[in-house]
Each structure stands twice: as C-alpha cells, then as structure tokens.
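The values are calculated or read from the model by the stated rules, or taken from the named source; none is laboratory data. Since the model is a prediction, treat every value here as computed from it, not as a measurement. Positions of Cβ are generated from backbone atoms using ideal geometry, with glycine treated the same way; all protein chains shown enter the neighbour counts. For accessibility, only protein heavy atoms count, side chains too; no ligands or nucleic acids. Shrake-Rupley method; radii C 1.70, N 1.55, O 1.52, S 1.80 Å.
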Amino acid sequence: METKDKELGKVPGTASPSPIGEGWGEASGETSSSFIFETADDFSYGLLKQYAKENRLSMTEAEGILWRMIRGKSLGFKFRRQHIIDNYIADFVDLHHKLIIELDGKYHFIGHQPISDAVRTTSLNKMGYVVLRFKNEEVIGAPLKVLDKIKQAMKEIDNAQSTTSGIVSPSPTGEGRGGASGTASPSPTGEGRGEASGTTSPSPIGEGRGGALAVDAACSGNPGPMEYQGIDLDTGQQLFHFGPYYPDGSTVYGTNNIGEFLAIVHALALLEKQGITDKTIYSDSYNAILWVKKKHCKTNLERSERTEPLFAIIARAEKWLRTHAVKTPIIQWQTRQWGDIPADFGRK
C-alpha cells in the first residue's frame with residue numbers, strides 16, 4: 001500500500017470499550033466466532049482505525065483495479081480492504097483463508113522500507129497469515145495474471161487445510177506463496193540482547209518476578225524523528241513498536257522522553273488488556289517514569305502542525321492514565337549495573 005503501516009501493539013481483540021474512546025474488538029461488525037480477529041491494543045486501535053478509514057477513501061489506481069476484481073465474494077469468499085490485523089492495516093484480506101494481499105508503491109523499495117516490510121510479513125506469518133505482495137505496476141499492467149496468482153494461493157491454502165486437518169501452514173515462503181522469501185526477521189534476542197553483558201549485580205531478567213517488559217525510545221535528534229518499542233525480557237520478543245512514521249508516511253516528530261512516556265503507557269495498556277498482573281515494566285528514563293506517576297507528560301516540545309498528531313496521542317495516553325488504576329510496578333533500569341536496556345535500539 002502507499003502508506004507506511006505502523007506496528008503499535010500485540011493483543012487479541014475482545015469486545016470491550018476502548019480507553020481512548022474508540023470501539024474495540026471484532027472489526028467490520030463481525031460477531032461470528034468463526035474467526036479470531038487480532039487487533040491492536042486499546043491504546044493504538046483508534047489511531048489505526050482512523051488511518052484505515054482514510055485509506056479506504058483514497059485508494060490508489062492499483063488498489064481500485066484489484067478491489068473491483070475481488071470485492072464481495074467474486075472469488076467465492078469475502079475480501080476486506082484496509083482491515084486491521086494486530087498492529088497492521090492489511091490492504092486486502094480473505095479471513096477464511098487467512099490470505100493477505102499487499103500492493104507496493106515505489107517507496108516500498110527505498111531505504112529501510114524493504115526491511116520493515118519483511119518484519120511485517122514475518123509477524124503476520126507467525127499469526128498464521130499468508131502474505132502475497134504485488135507491485136502496483138503488476139496490477140495495472142497485468143491484472144488477470146495477478147488474479148490468477150491470488151486464486152492459486154487460495155487453492156494451495158485449501159489443499160494445506162485438507163492435508164493438515166484444517167491447520168494452515170504459517171509459512172508463506174514456499175514457492176509461489178509470496179511474502180518475504182527467506183528473509184529473517186530482526187530479533188531483539190540476538191547476541192548480547194537477551195541479557196546485559198558485563199553486569200556487576202543480578203539482572204532483572206530471570207529473577208522470578210513473574211516476567212517483565214522493557215521499553216525504550218529512540219530519536220534522531222532531540223527533537224526529531226521518534227520511535228519506541230517494548231520487549232518481553234523472558235523471550236526477547238518485540239511486543240509493540242511505534243514510529244518513526246505515521247501510517248500516512250509523515251514523520252513522528254518528538255523527543256526521547258515523550259517516546260519513553262508513551263512506551264510505558266503502551267505497555268501498561270497492553271498488560272491490562274491481556275489481564276496480566278504479575279509483570280514489571282522497566283524503563284531507563286527517570287523523567288518518563290515520573291511523568292507516568294503524575295499522569296502528565298511534562299514536555300517542552302513546541303506545539304505546531306508537525307507535532308500536533310503526537311500531542312493527540314499524548315492526550316490519549318494521559319486520559320488513559322487518569323481513567324485507569326495503575327498497579328503494575330514501573331522500575332528504572334540500572335544501566336551501569338545491568339548494561340543497556342534490552343529494548344535499546346542500539347544506535348549509540
């Protein structure tokens with residue numbers, strides 16, 4: 001798709017009110033238990049929902065051509081467009097086959113975007129989805145060939161279901177399946193990331209606290225393009241990531257402390273949504289931890305047209321803090337004793 005979809009959290013959707021004032025749970029009014037809709041957590045779902053709505057109103061030429069061919073049940077099963085799955089907005093998805101179709105504009109082949117797309121595909125694979133990617137030029141120049149490839153993928157999935165008692169293989173890397181063939185997803189549990197090297201006192205990792213999360217933010221300049229992420233200390237898995245771009249391709253312009261603040265609130269909302277009460281959150285930002293305790297992001301970032309989208313997210317985070325009782329321990333990560341926090345982006 002032409003916009004940069006952002007991953008903002010990982011939690012299965014359940015029907016309950018969102019703390020940021022948006023609907024939650026099964027998308028598109030679907031209430032059947034036939035499918036489990038993986039949607040973003042409460043803290044980020046409203047933002048994704050708005051972007052999905054905007055994307056549906058402004059389809060690219062390629063998206064329009066493909067949608068006219070697959071809309072409704074023209075291929076036997078219903079396709080949805082701009083559909084939220086976990087932390088992503090899929091261009092098109094057939095939920096019966098768990099088949100996602102992504103259309104790539106020119107920006108998908110520039111800079112770090114190919115890596116981001118590969119990570120996105122790997123994450124969706126782990127949820128059991130098959131991802132087919134087509135260039136816009138393919139759809140515009142040879143739409144029937146694209147349609148044949150989609151039909152073939154659906155047939156292969158049907159065959160897989162019949163031979164595995166209804167279990168769809170999560171790997172789309174086989175021949176003709178699309179997605180990121182042979183591309184390894186960058187792992188935060190790589191060498192030196194699972195435990196802090198050179199520690200002089202016991203690390204929080206594996207201390208029997210019922211598990212813990214680590215959050216961190218990165219900023220190219222301060223202020224500048226900002227992003228944050230959360231990591232499970234037990235598994236090294238990336239639980240959520242936001243920035244440095246909004247889904248419309250514009251830059252998330254902020255500061256490190258704002259990123260840390262939002263990351264902590266994101267982690268709190270995620271744990272509450274999942275009903276997890278025995279985990280600890282670690283951050284290496286004293287200011288961010290203090291802001292969370294005071295339920296106010298005391299930033300000096302100048303308010304402008306460029307920063308207004310971020311201030312809207314900050315307002316939702318502050319509202320979440322005011323309307324929820326925070327019982328999860330939030331502890332400052334001791335970098336001198338334990339080394340860099342495992343959620344660190346490693347760009348020092």
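Listed values, structure above:
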{"quantity": "Residues of the range 249-261 satisfying the condition of being in a loop (DSSP other than H, G, I, E, B) and crowded, with 18+ Cβ neighbours inside 10 Å", "calculated": "V252, T255"}
{"quantity": "Contacts under 9 angstrom Cβ, first residue in the range 321-340 being open to solvent by 60 Å² or more (accessible area, probe 1.4 Å), partner of a type in the set (F, W, Y) and in a loop (DSSP other than H, G, I, E, B), 6 or more apart", "calculated": "D340/W333"}
{"quantity": "Among the residues listed as A343, A315, the single one being open to solvent by 30 Å² or more (accessible area, probe 1.4 Å) and closer than 23 Å to N222 by Cβ", "calculated": "A315"}
{"quantity": "Any hit, the range 251-271, residues being without any contact (Cβ under 8 Å) to a residue 12 or more places away in the chain and over 30 Å from T60 (Cβ atoms)", "calculated": "no"}
{"quantity": "Leading residue by the ranking (most open to solvent (accessible area, probe 1.4 Å)) among those in the range 262-287 that are in a helix (DSSP H, G or I) and over 16 Å from W320 (Cβ atoms)", "calculated": "Y286"}
